[in-house]
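K.L.:
I am attaching a structure below and will ask some questions about it afterwards.
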Amino acid sequence: MNNDNIEVGKRIHDTRKCRGYTREKLSELADVSVQFIADIEKGRKSMTVATLRKIAAALKVTTDYVVNGSEPFAENAGINTMLSTLSPYHIKQVEKLITVFIETINEED
């Protein structure tokens, strides 16, 4: 087994668990088989870029995170985690709130 595949699989597994997804749920969201998810998580298989994109989107993480483990703006990890649990509708609401907040604090300067 390739070490890179093992590391990628571990990140996918850990993120899937963090999201509360079963392998069945992730396979449904990413449109791949449950067995393929299991093989990737165990480092037995690699994947195409197209599949990587689908899995990353389903897990709500960047492809860079899946491949390299790097998280852009790691200092915002808590906020990102909170946002990742919201629906697209609620994300839009949060964006509106943040916009108003930023406008308000900029007016104070």
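The values are calculated or read from the model by the stated rules, or taken from the named source; none is laboratory data. Just so it is clear, the model here is predicted, and its values are computed rather than measured. Here the Cβ is made from the backbone with ideal geometry for all residues, glycine too, and neighbour counts use every protein chain on show. In case anyone asks, the SASA skips ligands and DNA or RNA and just uses the protein heavy atoms, side chains included. Shrake-Rupley method; radii C 1.70, N 1.55, O 1.52, S 1.80 Å.
K.L.:
Give me the helices (runs of 4 or more DSSP H) completely within segment 1-71, filtered to those with at least 3 residues that are open to solvent by 50 Å² or more (accessible area, probe 1.4 Å), ordered by residue number.
P.N.:
3-19, 23-30, 49-59, 63-68
K.L.:
Please work out which residue is modelled with the highest pLDDT, limiting yourself to segment 82-97 and to residues that are open to solvent by less than 80 Å² (accessible area, probe 1.4 Å) and hydrophobic (A, V, I, L, M, F, W, C).
P.N.:
Val94
K.L.:
While we're here: Just checking, how many residues over segment 1-33 are under 25 Å from Ser87 (Cβ atoms) and over 13 Å from the mean Cα position of the chain (by Cα)?
P.N.:
The number of residues fulfilling the criteria is 8.
K.L.:
Sticking with this structure for a sec: Answer yes or no: is there a residue in segment 63-71 that is among the aliphatic types (A, V, I, L, M) and touching a residue at least 24 places away in the same chain (Cβ under 8 Å).
P.N.:
Yes, that holds for at least one residue.
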